[in-house]
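The values are calculated or read from the model by the stated rules, or taken from the named source; none is laboratory data. Everything quoted here is computed from the prediction, not taken from an experiment. Here the Cβ positions follow ideal geometry from the backbone for every residue, glycine too, while neighbour counts run over all protein chains shown. Keep in mind that these areas ignore ligands, DNA and RNA; they rest on the heavy atoms of the full protein, side chains included. Shrake-Rupley method; radii C 1.70, N 1.55, O 1.52, S 1.80 Å.
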Amino acid sequence: CNIIYSKVLKKIIKTNCIILDYGSSNGAMIEPLINEKKTFFIEACDIKNILSSKIKKNKKFVKFNYSKNFFLKKDSNNKYDLITLIHVFEHLTNPLEDLKSLSKKLNKSGRIFIQIPNFIENPYDLTVYDHTAHYTVESIFNIAMYAGLKIEEISTNIIDCEFSILLSKNEKMKSRKI
């Protein structure tokens, strides 16, 4: 997560932005964010809250959202400047619908950053029992298109054997049904 932050996210995070770490687990992606000097606000979302007390007590950390109710709750009406999914997307049982729902929570100029395994470069990923899907460049383009998002960047050079994907709203294209 330190590599992701220093090579990608540090360049796109602006002062006073609101960030959501979706599928935050123990907060590994939040750790490098709370040490940044810029002022911004961080929310986390997962099935259970196992964030460290260091994160929970940090002034940049705003709140934890339980994923079970995240898309339903009236009090989660925040619009985010950045949503991160670090090794989460491959676990989702309905990734297209989740991506569509997350895109609705973006500000007009908001972005989604996804980090997922590249099973072509690392075929051992195919043996991970709780990965519900495996992605190729083509499937990533398709799911982004159907979610009404555009790919700003897709890279395999940031972390070996992984896709780093930066998405933004595509005003010309609305989400589609398959």
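Of the residues in region 123-145, how many are at pLDDT below 95 and assigned to a helix (DSSP H, G or I)?
5
Considering only residues that are part of a helix (DSSP H, G or I) and open to solvent by 90 Å² or more (accessible area, probe 1.4 Å), which ones fall in region 25-84?
Lys54, Lys56, Lys57, Lys68
If you go through region 135-152 one residue at a time, how many are touching a residue at least 40 places away in the same chain (Cβ under 8 Å) and open to solvent by 30 Å² or more (accessible area, probe 1.4 Å)?
Result for region 135-152: 2.
Would you please list the contacts, defined by Cβ atoms under 7 Å and residues six or more apart or on different chains, that run from a residue in region 55-72 that is closer than 17 Å to Glu36 by Cβ to a residue that is part of a loop (DSSP other than H, G, I, E, B)?
Ile55/Gly27; Lys60/Phe40
Report, by residue number, each residue of region 101-122 that is in a helix (DSSP H, G or I) and of a type outside the set (Gly, Ala, Ser).
Leu102, Lys104
As an exercise: evaluate Ile158 against (1) assigned to a loop (DSSP other than H, G, I, E, B); (2) within 24 Å of Phe71 (Cα to Cα) and give the number of the one condition it does not meet.
Status for Ile158: all satisfied but (2).
Being closer than 18 Å to Leu9 by Cα and assigned to a loop (DSSP other than H, G, I, E, B): is that true of Ile151 here?
When the stated conditions are applied, Ile151 does not pass them.
Which one of Asp81, Asp46 is of a type in the set (D, E, K, R), at pLDDT 95 or above and closer than 21 Å to Val128 by Cβ?
Answer to the check: Asp46.
Among (1) more than 20 Å from Glu153 (Cα to Cα); (2) out of contact with any strand residue (DSSP E or B) (no Cβ under 7 Å at 6 or more places or on another chain), where does Phe70 come up short?
All conditions pass for Phe70, except number (2).
So, of the residues in region 13-24 that are hydroxyl-bearing (Ser, Thr, Tyr) and open to solvent by 10 Å² or more (accessible area, probe 1.4 Å), which turns out to be nearest to Lys37 (Cα to Cα)?
Taking the candidates together, the pick is Thr15.
With the condition kept exactly as written, say whether any residue in region 108-122 is within 27 Å of Phe70 (Cβ to Cβ), modelled with pLDDT under 95, open to solvent by 20 Å² or more (accessible area, probe 1.4 Å) and among the charged types (D, E, K, R).
Yes, because at least one residue in region 108-122 is within 27 Å of Phe70 (Cβ to Cβ), modelled with pLDDT under 95, open to solvent by 20 Å² or more (accessible area, probe 1.4 Å) and among the charged types (D, E, K, R).
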